[in-house]
1. If each residue of separation counts as 0.36 nm, what is the full-extension length gain between A:LYS231 and A:LEU318 once their alpha-carbon separation is subtracted?
2. Report the B-A buried area as the accessible area lost on both sides summed, probe 1.4 Å, in Å² to the nearest 100.
3. Keeping all protein chains in place and using 1.4 angstrom, which order do A:ASP298, B:ASP387 fall into by accessible surface area, from largest down?
4. What do you reckon, how do B:MET435, A:MET371 stack up by accessible area (1.4 Å probe), largest on top?
5. Please report the spacing between the Cα centers of region B:171-212 and region A:389-414 in Å, no decimals.
6. Using Cα positions and a limit of under 16 Å, work out the lysines in reach of A:LYS457, with same-chain residues fewer than 8 apart set aside.
7. Past the 26 Å Cα-Cα mark, which pairs from A:LYS24/A:LYS327; B:LYS420/B:LYS462; B:LYS17/B:LYS167; B:LYS24/B:LYS125; A:LYS17/A:LYS167?
8. Quick one: work out the % antiparallel among DSSP beta bridges in region B:290-449, nearest 5.
2 protein chains.
Amino acid sequence: MSDKDSKPLSGKQLARKPRGFPDKREGLLHAQARLVETITGVYRQWGFEHLETGAFEYVDALGKFLPDTDRPNEGVFALQDDDEQWIALRYDLTAPLARFVAEAGQDLGRPFRRYAAGPVWRNEKPGPGRFREFWQCDADTVGAPGFHADAEMIAMGAEALRAVGMKSGEFAIRVNTRRLLNGVLDAVGAENAETRLAILRALDKLDRLGAGGVADLLGEGRLDESGDYTKGAGLGPEEVKRVLAFAEAGAATREATLANLAKAAGDSEQGKAGIAELEAIAGALEGLGAPESDVLIDPSVVRGLEYYTGPVYEAELLREVSGEDGKTYRIGSIGGGGRYDDLVARFTGQSVPATGFSIGISRLAAALQIMGDTARLDGPVVVLNLDRDNPAIALSIAAELRKAGLRAEAYMGGANNMGKQMKYADRRNSPVAVMVGEDELAKGTVTIKDLEMGALKAKAIKSNEEYREARPGQMEVPRAEMVEAVRRIVEAQA
Amino acid sequence: MSDKDSKPLSGKQLARKPRGFPDKREGLLHAQARLVETITGVYRQWGFEHLETGAFEYVDALGKFLPDTDRPNEGVFALQDDDEQWIALRYDLTAPLARFVAEAGQDLGRPFRRYAAGPVWRNEKPGPGRFREFWQCDADTVGAPGFHADAEMIAMGAEALRAVGMKSGEFAIRVNTRRLLNGVLDAVGAENAETRLAILRALDKLDRLGAGGVADLLGEGRLDESGDYTKGAGLGPEEVKRVLAFAEAGAATREATLANLAKAAGDSEQGKAGIAELEAIAGALEGLGAPESDVLIDPSVVRGLEYYTGPVYEAELLREVSGEDGKTYRIGSIGGGGRYDDLVARFTGQSVPATGFSIGISRLAAALQIMGDTARLDGPVVVLNLDRDNPAIALSIAAELRKAGLRAEAYMGGANNMGKQMKYADRRNSPVAVMVGEDELAKGTVTIKDLEMGALKAKAIKSNEEYREARPGQMEVPRAEMVEAVRRIVEAQA
């Protein structure tokens, strides 16, 4: 089980985690949970039902659809099961859905509309903001031949992003179709699969590299700032121009973009079919009331995953976000999807029209965190444990506060000095500390400290003596009045 | 990547999933989500904060604490990362917490109280109700030396089970301590680790096998019904008797059990220390107001995981549950926990007192499902798509219903005949179907069908002709009154 070639680790060296699998603390988790709840709430309201598949699939059921072809293990975490068969962790939520639908067969009924939310795993090189485990939240309709089903996905994606707080102009869903791309590939005479893929990859970078960079990638190749050279698609100057004209056909409205495209796409059958798809989507988007600013038609959209067969959609944060650290971050893509009519056919032999949308929960949560939209959460009331011999006093006070609906805990460290216990309450962001010492026990009272007010008042105090005298934010109340006194302070702070 | 020795699969053969990784549908997921929400809600109210770690840990950080020592890969799903190091999916939520605490060091502050909920993976033989991926929901206090911290875990576990609907007598948390067990092991002269483990494993089966079966396992060995032979611990008759007397010291109240135990445990130092631990816990349980029926002291409790160092707790469903299928199921353990003072010390060298409680969400959800406590959920309003050329009509009606807060979808299959679309609405358990055909479009109306009432009335109808005449549950309303008419029906059904 352990690596025989390297020295075994011991002690502190062991306390490390594999790269790309972040630990998540309360603020981020709270943001993530809110996103999942809100987005699945939208999916559900649009009629989708909940389905979750397991983490593992057989490798041959997952297929080889990941865009990163440079890695020998194809970007998944795979291992051999007891029976020697290879299994792998899912890299998205779509491939397992296709397996589920194929396995369930006709009993499932069509259309089958499901949503899911959970982690996916990609065995890629981790980096800042690039994880190997991240959450997605998907909706899919299986058994939906009409392009209005794609329009529904797009409009619902936009509504989900609005539901989590995105405003007009802060995000856009860009829509394209593989058929239109194929039409252009045909029009510039790109015949072999490698050239076609190189052109699509170049287009995919329009947003990041601009027209100049993409022109290099369409032609001979491009040397980036870090000195890495990417071989180009090898198109001639005329073809490069033609592809760029197509890629830049985007206009302010869907109607205007479609008019530009009708000119740029030329006469190929694929091109015409692509325009017709986009027109059907645009019409259905009107019916669904999707605002122009939320959904754009953009012929440069590619989407990396190779299982898409028709319309593809990319959801992006448009503006850069300023971090609390003062830096500026460009989040870019936060989701997308497309039509994958052939994914179920891999199993059944029969083409099953399907379309889906996926939102990258981890990316979106990270964006919200950068924007400072993940407030520090309130901590519990802390009941200090001042009686080394009888912790039951503090325990029963905490139990009484909880019974009254308050969030409360008794201090669980050793029977430390009060200073250490107060420091703990501060670190937990507690609203109130409750103390019962010998005095209070004898008198039948408790001492309650408002930690927010205490901290404010303490700032104005100069000496330790004055502090002890003033006892900022502190009061003594009869035991019977404790719950109400604590509740008043907690509610005043909220 | 694929198994070179076997024939490659194709077509329908591919549509299969690895054993032990179940797909989950809406009813079960709904139950599971409710359990997680309720139980983490209790943990949170008791002052715990949310922390989630990643799915993978380094194998050497996870340690070898799984009880199943018969398997070469020690029960985990492990693989070699790019850098040749072995990583594995977590088998519980506790071992990663220990890594997290050790890695964070003193900055984290103590006590550190966290809750977590998520999947864990065990590479064990799957079977009915035995999965290789299942959910746990844990709370832990790290930096808690006092046994009242264990009492808190136990009382909170009981409260969490009550919060999800368990009543007095339906469940119990059984409490024991490793020290007491060690005292008995010492008292019967069990010195080597293998014998000690065999005795603990035998005790662990008291519940299932009764005193006779356990006596066999403590002595020579036992042949079970299926013909499998388990080698025994090899104790002599006197020792077997002594261990059984200890294991059966449980009485109606914690106080009575402690009195029995004080006699049975003998004079060993470990035995006395164990009694003292349980007395401290019993005292704190009083302070916390934990009912006698919820928490029992039971010297036969072992808990399989080997990292426990002191008190251990086992949560069980007491009664057998009757399935909707008429069969009787014994769920048994649904959670537990214990003190693991040495788990962090593996990393830091310093013992860090810690205790935790874990509830098996998947087991509990399965129990609720067997009991029929996972009702079928209501489906969405379905707007039929009757105009092949213009799906926008149905889309905009669905959008209008959603805007009014209703759950609604337009039919997304092909522009099928109405019968097929109505069948779809039935299968989705829809409350209402909405239809706009040519007639309705011309008149500015919609036809609304109450599917529940329709089904009831249809039962009384004899012929197709009569059916067409009566149109059970169906009415035509002006377009402007649609939303209110649909809402009335949905609310009446709810």
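The values are calculated or read from the model by the stated rules, or taken from the named source; none is laboratory data. Quantities reported herein were computed from a predicted structural model and do not represent experimental measurements. A quick note on method: Cβ atoms are made from the backbone with ideal geometry, for glycine too, and the neighbour counts reach across all protein chains shown. Heavy atoms of the whole protein, side chains included, go into the accessibility calculation; ligands, DNA and RNA do not. Shrake-Rupley method; radii C 1.70, N 1.55, O 1.52, S 1.80 Å.
1. So the extension gain works out to 28.4 nm.
2. When B and A are taken together, about 8800 Å² of accessible area is lost.
3. Listed by decreasing accessible area, they come as B:ASP387, A:ASP298.
4. A:MET371, B:MET435
5. Here the answer is 33 Å between Cα centres.
6. A:LYS449
7. B:LYS17/B:LYS167; A:LYS17/A:LYS167
8. Counting DSSP beta bridges with both partners in region B:290-449, the antiparallel share is about 75 percent.
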